[in-house]
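Okay, structure first, notes after.
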Amino acid sequence: MIKVHIDLNLCQSHGECVAIAPDLFQLDENDFISWQEEVDDSRRADLEAAVNTCPMTAIRIEG
Amino acid sequence: MRLVIVGASLSGLRAAQAARRAGHEGELIVIGAEPHLPYTRPPLSKELLQGRQEIEDSALPVDELDVQWRLATEATGLDRARRRIRLHDGDEEHYDRLIVATGCRARRFDGPGAQLDGVHTLRTLEDAIALRAALKDTRRLLVVGAGFIGCEVAASARSLGVEVTMIDIASHPLLPFGPVLGERWAAMHRDHGIELRLGVGLAELLSDDDDQRVTGARLSDGTSLQADTVLIALGAMLNTEWLTGSGLELDPGVACDPTLTCTRDPEILAAGDIASVPAALAGGARVRVEHWTTAAEHGQLAGRNALVAHDERTAHTAPPYFWTDQYDAKIQALGCPALAEHSELLELAPDGGRFVAACVQGRLVVGVVAVNAARRLAWYRRALQTPRPLAELKEALAQEDATLGSPVGATP
């Protein structure tokens, strides 16, 4: 499994990650981010794209 | 295989990372004109300028990337027959595959007074550090150009208590967001105390006799105003001169097919600001997008595509996305709003502060602009991959239950 961290001090709700993987990342009514914290290895490509496309470099993955 | 990337900013870094991740085990060389490892530019006009972020925070993580960095090194020419890049110090670099990602630089004012002290542009980290220091002692800032950089710096300077005059030859600010919404952006800046003068350009920068320091400006309508610091924000110029004479097609960007492969040389790909790539939302015409997300996406794709033969490369399909933060508004855009003839509100929150507007060309929606509506923008990214008739998009929207609210009777 891959662990997903988002630094909420950095996140500005651009929604890049939501566009890349809407099942793993969501924005709520107030545009606050929520995400799946443990993700199957099969989704590594999506997670890497989210990490590399986040304008705030707020996403970090581990494992 | 020796992969060389010219350009050590966001696009070049993402290309290097993607190439390694996709299994490139050969040599990987990144050539950059600036002395720094890659850093991210969006904070330079906002958080960094406002003192809410430090210089080191703008560094982009470079991981444990096995890259040979050649920094403070400018590419000056390309010899495709010999597959050599000429460098400013007379050296050469050989490539098997090449990614060009040299980006843009700030356009300068070339009229009288351009060389005076106190006249700034903003593109690099050094520019931001110099402007930040200057704003500490600035009473009145003149911003020349009301595009992204101009508007963001104007907003940042206001937050520091600086008096700001912003001028633009255009009839409203932020042209890339389309022709109609401009009234709204103009009102936003005026509401925050900016003296905004539209339809007027800069004629001359002024100083007192025998002094090299700027004291004001004379404008194209003959009026003069005082300023102790001036930001020239007249847009960007392409760093493509080094490719002149290389035989690559320049339009004036580097002409590419949808896989970012240069039209005249399958061994060379382009990424970021300088890449001119067919876009579905522009009806298949080639467009250049000078924005962060495109640079990141292009880099990732070019890094992967550079490793395989031309017919195995994949296309860039994501619509352009760009944003700006000014005061308390996050303005996000999708597609090609600048191509629109008019705009129409699609969603509006009851408090009026959040909305989504369609940018319409003929009957077709070619982009959307959202203010403080990030969650909703994600829906449009899926719904608007290609131009769609406005009526059809509205029908799809009617099936959605989580919109901001109905805009009936309101105007953007």
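Going residue by residue through region B:55-77, is there one that turns out to be within 23 Å of B:SER246 (Cβ to Cβ), free of Cβ contacts under 8 Å to residues at least 40 places away in the same chain, in a loop (DSSP other than H, G, I, E, B) and touching a strand residue (DSSP E or B) at 6+ places or on another chain (Cβ under 8 Å)? No, region B:55-77 contains no residue that is within 23 Å of B:SER246 (Cβ to Cβ), free of Cβ contacts under 8 Å to residues at least 40 places away in the same chain, in a loop (DSSP other than H, G, I, E, B) and touching a strand residue (DSSP E or B) at 6+ places or on another chain (Cβ under 8 Å). Filtered by the rule that a residue be hydroxyl-bearing (Ser, Thr, Tyr) and modelled with pLDDT under 95, region B:41-80 gives a lone residue, B:SER58.
For region B:362-374, a tally of residues being within 23 Å of the chain's Cα centre (by Cα) and either without any contact (Cβ under 8 Å) to a residue 24 or more places away in the chain or not in a helix (DSSP H, G or I) (or both) returns 9. Comparison of B:PRO337, B:PRO407, B:PRO350 shows that the only residue that is in contact with a Gly (Cβ under 9 Å, 6 or more places away or on another chain), buried (at least 17 other Cβ atoms within 10 Å of the Cβ) and not basic (Lys, Arg) is B:PRO337. Screening B:TRP323 with (1) more than 14 Å from every other protein chain (Cβ to nearest Cβ); (2) without any contact (Cβ under 8 Å) to a residue 40 or more places away in the chain gives one miss only, at (1). Among the conditions (1) of a type outside the set (Val, Ile, Thr); (2) surrounded by fewer than 17 Cβ atoms within 10 Å (Cβ to Cβ); (3) farther than 24 Å from B:ALA318 by Cβ; (4) more than 24 Å from the chain's Cα centre (by Cα), the only one that B:HIS342 does not satisfy is (4). Going by the conditions given, is B:GLN332 touching a Ser or Thr at 6+ places or on another chain (Cβ under 9 Å), among the polar types (S, T, N, Q), within 14 Å of chain A (Cβ to nearest Cβ) and not in a helix (DSSP H, G or I)? In short, yes.
Just to be sure, is B:GLY235 at pLDDT below 95, at positive phi and within 26 Å of the chain's Cα centre (by Cα)? Let's see the steps before the verdict.
Working: at pLDDT below 95: no; at positive phi: yes; within 26 Å of the chain's Cα centre (by Cα): yes.
It is false that B:GLY235 is at pLDDT below 95, at positive phi and within 26 Å of the chain's Cα centre (by Cα).
Examine region A:6-16 for a residue that is part of a helix (DSSP H, G or I), within 8 Å of chain B (Cβ to nearest Cβ), without any contact (Cβ under 8 Å) to a residue 40 or more places away in the chain and surrounded by 12 or more Cβ atoms within 10 Å (Cβ to Cβ), and state whether such a residue exists. Yes, region A:6-16 has at least one match. Being among the polar types (S, T, N, Q) and within 23 Å of the chain's Cα centre (by Cα) is the filter here; which residues of region B:74-119 pass it? The one that is among the polar types (S, T, N, Q) and within 23 Å of the chain's Cα centre (by Cα): B:THR102.
Just checking: which of the strands (runs of 3 or more DSSP E) contained wholly in region B:198-263 hold 1 or more residues that are of a type in the set (S, T, N, Q) and out of contact with any helix residue (DSSP H, G or I) (no Cβ under 8 Å at 6 or more places or on another chain)? Full working, then the answer.
Details: elements: B:202-207, B:214-219, B:224-226, B:229-232, B:236-238.
The qualifying strands (runs of 3 or more DSSP E) are B:202-207, B:214-219, B:224-226.
Only one of the numbered conditions (1) closer than 17 Å to B:GLY253 by Cβ; (2) under 16 Å from the mean Cα position of the chain (by Cα) is not met by B:ALA333, and that is (1).
The values are calculated or read from the model by the stated rules, or taken from the named source; none is laboratory data. This structure is a prediction, so every number in the text was calculated from the model and none was measured. Heads up, the Cβs are rebuilt from the backbone with ideal geometry, glycines too, and the neighbour counts pull from every protein chain shown.
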